Amino acid sequence: MTDIERHSYDVVVIGAGGAGLRAAIEARLAGKRTAIICKSLFGKAHTVMAEGGAAAAMGNVNPNDNWQVHFRDTMRGGKFMNHWRMAELHAKEAPERIWELETYGALFDRTPEGKISQRNFGGHEYPRLAHVGDRTGLELIRTLQQKIVSLQQEDYAATGDYEANIRVFAETTITEILSTGGAVSGCFGYYRESGDFLLFEAPAVVLATGGIGKSFKVTSNSWEYTGDGHALALRSGAKLLNMEFVQFHPTGMVWPPSVKGILVTESVRGDGGVLRNADGKRFMFDYVPDVFRKQYAETEEEGDRWYTDPDNNRRPPELLPRDEVARAINAEVKAGRGSPRGGVFLDIASRRSAEFIHKRLPSMYHQFKELADVDITKEPMEVGPTCHYVMGGVEVDPDTGAATVPGLFAAGEVSGGMHGSNRLGGNSLSDLLVFGKRAGDGAASYVAGLPARPVVADDDVTAAVQTALAPFERAGGPSPYEVHAELQQTLNDLVGIIRRQPELEQAVERIAELRKRIDTVAAPPGRRYNPGWHLCLDLRNMLMVGECVARAALERQESRGGHTRDDYPGMSADWRQVNLVCTANDADEVTVAHQPLPEMPRRLQELFERSELAKYLTEAELAAFDQAAS
Ligand code: FAD
């Protein structure tokens, strides 16, 4: 049999972004031997790219902020499809997780009084995003890594071995979760550099693998986002929730072609930037939907006053939730009022001083200067929607992060439920910290309560090896790069921002054809650093999650958040009660089923005015609300 390096841990965390690192810290603090595995170099996870900040109702800039307001904003942003318990835990615990990060060594920007500074972002009623310029993700990862190093130093002092209780396996890809008797027993993967295989025997695995953006052609996501965790969860028998909800960020670069899709942070709008069409018009005032009309300015003057006097004015519609802004840009371009390169203009140059822009948006300045030769202190940027975030993901227990398969946990972007149909900006970084900690704790408690560790079956390891080596046995098969490009084009064209039944049906058909081809894609020979081979293995994951998105999008006959159906334009209260749940069979074929959305308890419903609830709830739900009130 092929040589396989074997390791044994209590908890294996797949992913070294914010969620994975926070989970690993918690598992190690609970006394469990913990491994962290990541595809990329340690410190290069996608979280590093996060720019704007982490949302937490600390009330540092506006003392009216509190968890109830954050909860309300999150539910509104998700159009009431969020798992209420996740939204509640997140709003309550995010401030503590941010302050805790400073005890690990983070240093956020400050207010004049020395508190953690908080900035405005779309959908948040008050300035709420703790930030470090526009490089917040970098600080978050740096600090969590530093905490891990400090734990390793403690372990060295106690045992003489830095890696006694927590070890990082970088540039290592996991291809299979193994289970025995229905419970997780470990996972299997390969070192990217050597191609050598590894087996981890572990009763608990935490998925923290991030998103799926690389299945789409235009995306802000990095190369790692191939939906591995989503697919691993499906193959191990877990469920994915609401995969139709994909966030298209309104502002990605549209030019030059080589960088199309790269993110232009929402902080540009939070700090005063406005969107204009080719006629110079601030068009967002024409796109405020009824559900948000009361909270947004009606005139440019009122919107502008809000930046300095938020208590007496309503915020500008450029700061509507992302799904609204992305659809508005799409509509302007379609109506022929777009910029020369197919986007719209984002203008901060005429509204803020060069000094302000350099201080608050240093990365954006460099990004545009170096990639597009545009000086954003002097000219507007051209921007358009880009696939950015997946709200759908692994169904978990909100309190522990446990998936429906014993021993499997998930946190961060790979998990589902928290953000409903649309995530508010800044709510991901805080989600990683809140639910990363909870999943680490959940995994450690699960292991502590196990009477015996499930044993990895040799046959499962043999099968994992065969699957991994299969692309070498298909000489003459199609190139994985070609098939990947076709999948990306299919999802971009047929399952993008605006969706229609015939196109979604066509997408499902094309994906079925692509599956046949993916089963024949061939890797160039040699396991030593072989990106073609890696892509062959990633492709089956991208195809699987692509199928989930297409099938769920076809099933949901309404428009809500990150799912817009041209043929079903409105929100439906009945559909709001439905979670769409994907499962897969042994042949990786996906099925979508309906499952009820957990009902929000009355104590949380009461945080909203009845007139607002009436926009989302069914008649029967409203009647029950009224009855309880009488
Ligand atoms: P990641 O940070 O992506 O980490 C995933 C990890 O899993 C990586 O280490 C990867 O190597 C590993 N991995 C994946 N598959 C495998 C495998 N098969 N085997 C082994 N390892 C694997 N959110 C905010 O809240 N505020 C912001 O300001 C913000 N700005 C953003 C800016 C950009 C440009 C982008 C793209 C996103 C932004 N987001 C922001 C979203 C946020 O950054 C992500 O949702 C979040 O970082 C995801 O974190 P994570 O821990 O779930 O996953």
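The values are calculated or read from the model by the stated rules, or taken from the named source; none is laboratory data. All values reported here derive from a predicted model rather than from experimental measurement. Note: ideal-geometry Cβ built from the backbone for every residue, glycine included; neighbour counts use all protein chains shown.
Every condition in (1) part of a helix (DSSP H, G or I); (2) surrounded by fewer than 20 Cβ atoms within 10 Å (Cβ to Cβ); (3) modelled with pLDDT of 95 or more holds for Cys536 except the one numbered (2). Based on this model, can you work out whether Gly213 counts as within 14 Å of the ligand (Cβ to nearest atom) and at pLDDT 95 or above? Yes: the conditions hold for Gly213. Would you say Pro471 is over 15 Å from Arg22 (Cβ atoms) and in a loop (DSSP other than H, G, I, E, B)? No. Would it be correct to say that Leu107 is aliphatic (A, V, I, L, M), part of a loop (DSSP other than H, G, I, E, B) and more than 9 Å from the ligand (Cβ to nearest atom)? So Leu107 passes the test. With the condition kept exactly as written, say whether any residue in segment 184-206 is acidic (Asp, Glu), crowded, with 24+ Cβ neighbours inside 10 Å and within 14 Å of the ligand (Cβ to nearest atom). Checked against the condition, which is being acidic (Asp, Glu), crowded, with 24+ Cβ neighbours inside 10 Å and within 14 Å of the ligand (Cβ to nearest atom), segment 184-206 yields no hits at all. Taking the conditions (1) within 16 Å of the ligand (Cβ to nearest atom); (2) within 17 Å of the chain's Cα centre (by Cα); (3) at pLDDT 95 or above in turn, Phe248 satisfies each one other than (3).
Count of segment 378-401 residues, restricted to those that are of a type outside the set (D, E, K, R), surrounded by fewer than 24 Cβ atoms within 10 Å (Cβ to Cβ) and either over 30 Å from Gln367 (Cα atoms) or within 13 Å of the ligand (Cβ to nearest atom) (or both), is 2.
When restricted to residues that are touching a Lys or Arg at 6+ places or on another chain (Cβ under 6 Å) and of a type in the set (Ser, Thr, Tyr), segment 565-592 contains 1. Every condition in (1) buried (at least 24 other Cβ atoms within 10 Å of the Cβ); (2) more than 13 Å from the ligand (Cβ to nearest atom); (3) not in a strand (DSSP E or B); (4) not basic (Lys, Arg) is met by Glu370 except one, and the failing one is (1). Scan segment 435-457 and give yes if some residue there is in a helix (DSSP H, G or I), surrounded by fewer than 18 Cβ atoms within 10 Å (Cβ to Cβ) and free of Cβ contacts under 8 Å to residues at least 40 places away in the same chain, otherwise no. No, segment 435-457 contains no residue that is in a helix (DSSP H, G or I), surrounded by fewer than 18 Cβ atoms within 10 Å (Cβ to Cβ) and free of Cβ contacts under 8 Å to residues at least 40 places away in the same chain.
For segment 296-323, filtering for residues that are acidic (Asp, Glu), under 29 Å from the mean Cα position of the chain (by Cα) and at pLDDT below 90 leaves 1. Cβ-Cβ distances below 6 Å connect the following pairs, each with a first residue in segment 88-112 that is free of Cβ contacts under 8 Å to residues at least 12 places away in the same chain, a second residue that is among the polar types (S, T, N, Q), and a separation of six or more residues or different chains: Arg110/Ser117. Considering (1) touching a residue at least 24 places away in the same chain (Cβ under 8 Å); (2) of a type outside the set (S, T, N, Q); (3) out of contact with any His (no Cβ under 6 Å at 6 or more places or on another chain); (4) farther than 30 Å from Lys615 by Cβ, the lone condition that Val545 does not fulfil carries the number (3). Taking segment 412-443 on its own, how many of its residues are within 12 Å of the ligand (Cβ to nearest atom) and touching a Lys or Arg at 6+ places or on another chain (Cβ under 7 Å)? Total satisfying the criteria: 7.
If you take the residues of segment 211-249 that are touching an Asp or Glu at 6+ places or on another chain (Cβ under 8 Å) and either in a strand (DSSP E or B) or among the hydroxyl-bearing types (Ser, Thr, Tyr) (or both), which of them is surrounded by the most Cβ atoms within 10 Å (Cβ to Cβ)? Ranking the candidates gives Leu240 first.
Checking each residue in segment 514-531 for being without any contact (Cβ under 8 Å) to a residue 60 or more places away in the chain and either farther than 17 Å from Asn492 by Cα or touching a Cys at 6+ places or on another chain (Cβ under 7 Å) (or both) picks out Lys516, Arg517, Ile518, Asp519, Thr520, Val521, Ala522, Ala523, Pro524, Pro525, Pro531. What about Leu89, is it farther than 29 Å from Val264 by Cβ, modelled with pLDDT of 95 or more and among the hydrophobic types (A, V, I, L, M, F, W, C)? Here the answer is yes, as Leu89 does meet what is asked.
Among residues of segment 299-312 that are hydroxyl-bearing (Ser, Thr, Tyr), those with a Cβ under 9 angstrom from a residue that is surrounded by 15 or more Cβ atoms within 10 Å (Cβ to Cβ), sequence gap 6+ or separate chain, pair up as Thr299/Phe285; Tyr307/Asn120; Tyr307/Asp271; Tyr307/Gly272; Tyr307/Asn313; Tyr307/Arg315; Tyr307/Pro316. Scanning segment 61-81 for residues being assigned to a helix (DSSP H, G or I), over 17 Å from Arg293 (Cα atoms) and aliphatic (A, V, I, L, M) gives a total of 1. Scanning segment 82-104 for residues that are hydroxyl-bearing (Ser, Thr, Tyr) and either surrounded by 22 or more Cβ atoms within 10 Å (Cβ to Cβ) or in a loop (DSSP other than H, G, I, E, B) (or both) yields a single hit, Tyr104. Any idea how many residues of segment 499-513 are surrounded by fewer than 17 Cβ atoms within 10 Å (Cβ to Cβ) and touching a residue at least 60 places away in the same chain (Cβ under 8 Å)? Looking only at that region, the number is 2. From the list Leu138, Leu151, the lone residue that is among the hydrophobic types (A, V, I, L, M, F, W, C), more than 16 Å from the ligand (Cβ to nearest atom) and touching a residue at least 12 places away in the same chain (Cβ under 8 Å) is Leu151. Scanning segment 12-48 for residues that are in contact (Cβ under 8 Å) with a residue 12 or more places away in the chain, in a loop (DSSP other than H, G, I, E, B), at negative phi and near the ligand (Cβ under 9 Å from one of its atoms) yields a count of 8. For segment 49-79, residues that are within 11 Å of the ligand (Cβ to nearest atom) and surrounded by 23 or more Cβ atoms within 10 Å (Cβ to Cβ) total 7.
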